[in-house]
1. What whole-number distance in Å separates the alpha-carbon centres of the stretch 77-131 and the stretch 229-270?
2. Note down the magnitude of the dipole of the stretch 186-249 about its Cα centre, charges +1 on Lys and Arg C-beta and -1 on Asp and Glu C-beta and zero elsewhere, to the nearest 20 debye.
3. With springs connecting C-alpha atoms under 10 Å apart, model the chain as a Gaussian network and identify which of ILE45, ILE330, ILE278 has the largest mean-square fluctuation.
4. For the chain, calculate the relative contact order in percent as a whole number, restricting contacts to Cα pairs under 8 Å that are 6 or more residues apart.
5. Of LYS149, LYS195, LYS301, which is the most mobile in a GNM of the chain whose springs link Cα atoms less than 10 angstrom apart?
6. Quick one: if the Förster radius is 22 Å, what FRET efficiency do SER93 and SER143 give, using the C-beta to C-beta distance and rounding to 0.05?
7. Dipole of the chain, Cα-centred, from +1 at each Lys and Arg C-beta and -1 at each Asp and Glu C-beta, to the nearest 20 debye?
8. Give me D for the stretch 248-312 in µm² s⁻¹, whole number, from Stokes-Einstein with Rh from the Kirkwood sum over alpha-carbon pairs, 25 °C and 0.890 mPa s.
Amino acid sequence: MQFLHISDTHLGKRQYGQDFREQDLYEVFNQLIEIAIKEHVDAVIHTGDLFDVNDPPNRAEYEAVKSLKKLKEHSIPFIVIAGDHDSPKRAYSQYPQRLLEEFDLIKFLYSNNIKYDIGDVHIYGISHVPNLASESLKQRLSSLKPESKKSMLLLHQGLREILPYEGAYQIEIGDLPKDFSYYALGHFHTRRVTKLDGGRILEVAGSPDIIREEEIEGYEKYGKGATLIDFSKESPEIQKINVEIRKQFVEEIDTTKLDDEIKRVSTKLQQFKEPKPILHIILKGISLPRDHLNKKLEYLKQFASLLRIYKDETKNQQEKDIEIPNDTRIDNLIIEYLIKAEGFTKEEANVILNIIKHSEEKEYVREELKKMLGVGNDHKEN
């Protein structure tokens, strides 16, 4: 028995407000469907966020129907759980998957309907559970008892071992029921495989396209696509299958050598024809007038489908880096700032500090300012 694990397709998302990015996601979803057909899998499993929102645009639903009909024509079930993005956020709202279920295009695992069998493989799935109900989720997980080791569990939850931040996870690996041999996870967009005791496998298929800039590094290391799961042996075996997607790059550009940097980046971008990549720029160096900077960067637009300033880390020419002293008492911090940032001598800095401390003593302040400005008493009237 073979299964294709896909996840986090986010159909309907218009990344950066661009129509071509919405289209990219439809095309990569169709690639996954074609892979499933080509590999003659027994089923496709999807671990959440099929759609980007709970109320997806008509185009997203149309594209989903069009692709899923191909699977149905080849008698390949599409088994799916809901993720946090496409779960209802209001009372009386419906899962968008229910419409696809109504037309018998998917097997939707949610609420009390959490099990589906393919041959001798038992598939359990729990749709996304929010933080407020994490304790009930843990209780539910502890009660799951599959019939055999040939069982997999589908989840779309934050996992403490991957996202160890308060409020970012609902469960940890220890909460997973031990009688499953395979745990298929959604929610995380970068591929990951963890071998657990007893030969169990925890696998994150990841999103099949780059949904956030933070995923670019992971994509360059691990690729994007799907996971082929072989359940024909005693323990499941997996194989990654990559898809073709639009490239995205993060490039640092030093504005102090702007022309050379633009030449370097343009040389890299020209390696890619169609589809043209997306370029995320991190600006370094000194701040430049925005119109001048944009005019220079305009040259790169012919090689990229989209160019955007991802981060601006430039500094004004007047700015200087201030090293924070080991002694962080407020007096020392003020003196350090006055000397290193403002250029005062140590003696002048101490005078200014004393003026600050005695700001309510007008006569004292007046005398100290005279000393600092070099104003003596020689011209006082007798």
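Coordinate-derived values only; no laboratory data. Note that this is a predicted model, so its numbers are computed, not measured. Note that each Cβ is placed from the backbone with ideal geometry, even for glycine, and that neighbours are counted across all protein chains shown.
1. Measuring centre to centre over Cα atoms gives 32 Å.
2. Rounded to the nearest 20 debye, it is 40 debye.
3. Maximum among the listed residues: ILE330.
4. It rounds to 12 percent for the chain.
5. LYS195
6. Efficiency, rounded to the nearest 0.05: 0.20.
7. 840
8. In µm²/s, the coefficient rounds to 208.
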